[in-house]
Amino acid sequence: MLIGGCKTTTTATAPEISYDAWQTKQSASTVPYSTNTMVKINLNWSRIGPFSRYDTWVRANAFGGMFDVYGAQTCLGKFVRDDRLAPAHGWWELICQDDSYAAGKFQLTQQGNILGIGNAINGEKVGFDLPIPN
């Protein structure tokens, strides 16, 4: 489910739906998740809180997944593998309870982590390192 366009400009576009609507529409993947666990994400974005490391619930398979970040507010994320975006390995988006939104592209590390780089709709740079355990 795509909630907003990921433009190639320097800032993300606003999502087409709100946090509450996205939370309601979250559904299980058609391919079962092989990973369903809590991890610590390193996330740099002022909308999530003053720290850089947060508890995160990850559900993932070989094609993509969902992640919920628990900071000063809860943010819902999605990532999708798309090798057509080379050298990136896919795209991601994140929406928070106050409807702040960020999107971008990611690369996978040899350790299986997702390194995401992108922008919020206000132009703020957003970056994260999300471990995806095997």
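Out of the stretch 80-104, which residues are in contact (Cβ under 8 Å) with a residue 40 or more places away in the chain and of a type in the set (D, E, K, R)? Across the stretch 80-104, the qualifying residues are E93, D98, D99. Within the set of pairs 6+ apart or on separate chains, which have a first residue in the stretch 36-50 that is in a loop (DSSP other than H, G, I, E, B), a second that is among the acidic types (D, E), and C-beta atoms under 9 Å apart? From residues that are in a loop (DSSP other than H, G, I, E, B), the pairs are W45/E124; S46/E124; R47/D98; R47/E124.
How many residues are closer than 16 Å to R53 by Cβ and part of a strand (DSSP E or B) if we restrict to the stretch 111-134? Looking only at that region, the number is 8. Only residues that are outside any strand (DSSP E or B) and among the hydrophobic types (A, V, I, L, M, F, W, C) were counted across the stretch 73-96, and they come to 3. Of all residues in the stretch 97-110, those being in a strand (DSSP E or B) and under 20 Å from G49 (Cα atoms) number 4.
Laboratory data are not the source of any read-out in this text; all were calculated from the coordinates shown. As the structure is a prediction and not an experimental result, all values here were calculated from the model. No Cβ is skipped: glycine too gets one built from the backbone with ideal geometry, and neighbour counts run over all protein chains shown.
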